[in-house]
Number of protein chains: 2
Amino acid sequence: MNSTRTATAAMLAIGDELLSGRTKDKNIGQLADMLFLAGIDLKEVRIVGDEEAAIVEALNALRGRYDYVFTSGGIGPTHDDITADAVARAFGVSCIHDPLAMDLLAAMYARRDMEFNEARQRMARMPEGARHIENPVSTAPGFHIGNVYVMAGVPQVFTAMLGTVVPHLEGGRPMLSRSVASPFGEGDIGTPLAAIQKKHPETSIGSYPRFESGRFSTEIVIRSAEESPADAAERDIMAMIAEIAAAKAGI
Amino acid sequence: MNSTRTATAAMLAIGDELLSGRTKDKNIGQLADMLFLAGIDLKEVRIVGDEEAAIVEALNALRGRYDYVFTSGGIGPTHDDITADAVARAFGVSCIHDPLAMDLLAAMYARRDMEFNEARQRMARMPEGARHIENPVSTAPGFHIGNVYVMAGVPQVFTAMLGTVVPHLEGGRPMLSRSVASPFGEGDIGTPLAAIQKKHPETSIGSYPRFESGRFSTEIVIRSAEESPADAAERDIMAMIAEIAAAKAGI
């Protein structure tokens with residue numbers, strides 16, 4: 001990875017239940033939060049169903065374009081859990097019952113006096129050559145191969161796996177982020193805010209409308225790698241708010 | 001559209017705030033729910049940031065592949081609202097201040113004694129030839145062009161706009177959906193459930209793991225266009241649960 005630029009990432013969330021509305025995804029927001037703190041730039045997210053061809057195509061598009069790809073879902077023990085097969089196919093390798101994962105799971109089920117049956121053995125399947133991602137919640141590991149990190153869809157497990165992965169990622173460059181709550185909607189601030197963005201090109205200024213009790217307000221967010229451009233932009237935004245407020249108050 | 005198959009759809013959610021974690025998307029789940037009820041098959045979702053090239057590329061990929069594409073975000077009055085420009089570019093047409101939208105907004109701001117300034121006029125911009133999507137919440141319309149429906153990102157507005165669009169979509173074929181709560185995790189039901197899916201190919205059986213208080217359980221969902229295959233699959237699932245429960249009880 002080129003050390004002078006910020007690492008980029010994509011996410012592929014896998015599961016029919018996300019597309020039918022049955023499950024409301026929580027993992028995208030979780031990944032976004034954790035990558036933001038690590039200073040890695042999440043550039044794109046895709047959600048596809050439990051269809052091998054769709055998973056393979058999306059994965060190959062994303063892994064060629066971004067430094068890291070994180071997937072969620074489809075690594076459980078049932079017939080619709082096909083992520084391991086799809087990832088193996090995307091990388092052109094075999095999908096095997098990983099011996100170390102078989103040992104881990106066999107020991108766990110023996111301890112709990114439960115049968116280590118064919119379905120549970122599915123959870124040991126991964127592309128040949130993949131390395132484990134530890135699962136501190138329920139043992140069955142995720143895995144990573146190349147720049148792709150494959151994790152469970154159950155949010156508690158996804159988050160725990162991500163917690164073991166993110167601290168080891170390279171290329172992060174944490175960005176400063178300042179937030180200013182504007183009592184005025186985007187219609188009031190749009191024109192002056194565009195001028196402020198133009199004046200401070202080292203910053204990235206976003207505005208996020210809120211709509212509550214029939215009124216719009218705005219959260220203005222300044223992002224920057226350095227303190228001083230963020231400070232300068234923040235001062236201009238405060239001056240803008242003062243000016244609009246004074247005009248509304250008839251001062 | 002071929003009337004013998006179910007219409008397909010994709011969603012493109014647009015906004016840096018979704019990728020930085022600042023905003024947790026609520027629109028994907030809302031669209032998924034409404035399309036499911038309308039019997040339209042949501043096949044893919046993508047999230048991209050406020051970058052014209054990324055929006056154009058995703059939009060062109062999705063609109064060529066699915067019957068309908070729904071977008072959220074980027075149609076407000078600020079400099080980072082660039083969805084109208086990107087959609088116009090994807091369709092190879094000009095992005096104009098739509099005269100009817102200008103009239104609607106001018107009248108609304110006149111009634112509220114607010115200035116109809118340059119920023120607010122941005123909300124009247126849309127690709128030449130686009131038709132309005134009514135905004136019952138805050139007036140500024142969305143628009144549709146070809147098979148693409150462009151809506152606001154603020155959830156209350158997105159949902160209201162969607163409510164005016166979905167009843168008019170063609171090609172929906174509502175699916176029956178039955179849900180069975182299994183007290184057993186996927187490890188217990190995986191092997192027999194795969195056999196049940198194989199026996200009932202007219203149905204699509206999914207299983208969704210839950211993890212609560214340190215235990216896994218599963219929601220099993222049967223989808224089918226017709227009643228009788230769903231009934232038959234449901235009976236076999238109940239028999240499977242009875243058998244596992246009896247084995248666990250040592251009966």
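The values are calculated or read from the model by the stated rules, or taken from the named source; none is laboratory data. The shown structure was predicted, so the numbers you read here are calculated from the model rather than taken from an experiment. Heads up, the Cβs are rebuilt from the backbone with ideal geometry, glycines too, and the neighbour counts pull from every protein chain shown.
Within the range B:47-64, identify whether any single residue is in the same structural domain as residue B:146 (by TED's automatic domain parsing), touching a residue at least 24 places away in the same chain (Cβ under 8 Å), within 15 Å of residue A:25 (Cα to Cα) and surrounded by fewer than 22 Cβ atoms within 10 Å (Cβ to Cβ), and answer yes or no.
no
Any idea how many residues of the range A:133-180 are out of contact with any helix residue (DSSP H, G or I) (no Cβ under 8 Å at 6 or more places or on another chain) and within 13 Å of residue A:73 (Cα to Cα)?
The qualifying residues number 4.
Got at least one residue in the range A:155-166 being closer than 18 Å to residue B:185 by Cβ and in contact (Cβ under 8 Å) with a residue 60 or more places away in the chain?
yes
Could you count how many residues in the range B:86-132 are within 14 Å of chain A (Cβ to nearest Cβ), buried (at least 19 other Cβ atoms within 10 Å of the Cβ) and not in a helix (DSSP H, G or I)?
Here the count works out to 3.
Could you tell me which of the residues A:136, A:141 is surrounded by fewer than 19 Cβ atoms within 10 Å (Cβ to Cβ) and in contact (Cβ under 8 Å) with a residue 12 or more places away in the chain?
Checking each option against the conditions leaves just A:136.
Go through the range A:47-64 residue by residue and tally those that are of a type in the set (Lys, Arg) and facing chain B (nearest Cβ under 8 Å).
0
Is it the case that the range A:21-32 has a residue that's out of contact with any helix residue (DSSP H, G or I) (no Cβ under 9 Å at 6 or more places or on another chain), closer than 18 Å to residue A:161 by Cβ and in the same structural domain as residue A:84 (by TED's automatic domain parsing)? Even if it seems obvious, please write down each step before you answer.
Step one: of the range A:21-32, the residues out of contact with any helix residue (DSSP H, G or I) (no Cβ under 9 Å at 6 or more places or on another chain) are none.
Within the range A:21-32, not a single residue is out of contact with any helix residue (DSSP H, G or I) (no Cβ under 9 Å at 6 or more places or on another chain), closer than 18 Å to residue A:161 by Cβ and in the same structural domain as residue A:84 (by TED's automatic domain parsing).
If residue A:248 passes every condition in (1) touching a helix residue (DSSP H, G or I) at 6+ places or on another chain (Cβ under 9 Å); (2) within 30 Å of residue A:134 (Cβ to Cβ) but one, which one does it miss?
(2)
Specify which of the listed residues (A:16, A:33) is under 22 Å from residue B:14 (Cβ atoms) and of a type outside the set (A, V, I, L, M, F, W, C).
Numbers: A:16 fails: under 22 Å from residue B:14 (Cβ atoms).
Of A:16, A:33, the one residue that is under 22 Å from residue B:14 (Cβ atoms) and of a type outside the set (A, V, I, L, M, F, W, C) is A:33.
Give me the residue from the range A:7-46 that is of a type in the set (Gly, Ala, Ser), touching a residue at least 60 places away in the same chain (Cβ under 8 Å) and at the interface with another protein chain (Cβ under 9 Å from one of its Cβ atoms) and, out of that set, farthest from residue B:46 (Cα to Cα).
Checking each candidate, the answer is A:15.
Whether any residue in the range A:71-85 is over 25 Å from residue B:216 (Cα atoms), outside any loop (DSSP other than H, G, I, E, B) and assigned by TED's automatic domain parsing to the domain that holds residue A:138 is what I want to check.
No, because not a single residue in the range A:71-85 is over 25 Å from residue B:216 (Cα atoms), outside any loop (DSSP other than H, G, I, E, B) and assigned by TED's automatic domain parsing to the domain that holds residue A:138.
For residue A:223, work out the one condition from (1) away from chain B (no Cβ under 14 Å); (2) touching a residue at least 40 places away in the same chain (Cβ under 8 Å); (3) within 26 Å of residue A:40 (Cα to Cα) it doesn't fulfil.
(1)
Quick one: in the range B:65-85, which of the residues that are within 13 Å of chain A (Cβ to nearest Cβ) and among the hydroxyl-bearing types (Ser, Thr, Tyr) is farthest from residue B:29 (Cα to Cα)?
Selected residue: B:78.
Condition first: within 13 Å of another protein chain (Cβ to nearest Cβ) and in contact with a Phe, Trp or Tyr (Cβ under 8 Å, 6 or more places away or on another chain). Can you find one or more residues in the range B:190-207 that meet it?
No, the range B:190-207 contains no residue that is within 13 Å of another protein chain (Cβ to nearest Cβ) and in contact with a Phe, Trp or Tyr (Cβ under 8 Å, 6 or more places away or on another chain).
Got a number for residues in the range A:131-155 being of a type in the set (Phe, Trp, Tyr) and at pLDDT below 95?
Here the count works out to 0.
Condition first: in contact with a Gly (Cβ under 9 Å, 6 or more places away or on another chain), closer than 16 Å to residue A:73 by Cβ, outside any helix (DSSP H, G or I) and not charged (D, E, K, R). Now tell me which residues in the range A:38-57 satisfy that.
A:47, A:48, A:49
Would you pick out the residues in the range A:172-221 that are part of a loop (DSSP other than H, G, I, E, B) and of a type in the set (Phe, Trp, Tyr)?
Pass one, the range A:172-221, residues part of a loop (DSSP other than H, G, I, E, B): A:172-175, A:183-185, A:200-203, A:213-214.
Of everything in the range A:172-221, just one residue is part of a loop (DSSP other than H, G, I, E, B) and of a type in the set (Phe, Trp, Tyr), namely A:184.
Among (1) farther than 24 Å from residue B:23 by Cβ; (2) crowded, with 16+ Cβ neighbours inside 10 Å; (3) in contact with a Pro (Cβ under 9 Å, 6 or more places away or on another chain), where does residue A:211 come up short?
Against the list (1) farther than 24 Å from residue B:23 by Cβ; (2) crowded, with 16+ Cβ neighbours inside 10 Å; (3) in contact with a Pro (Cβ under 9 Å, 6 or more places away or on another chain), residue A:211 comes up short only on (1).
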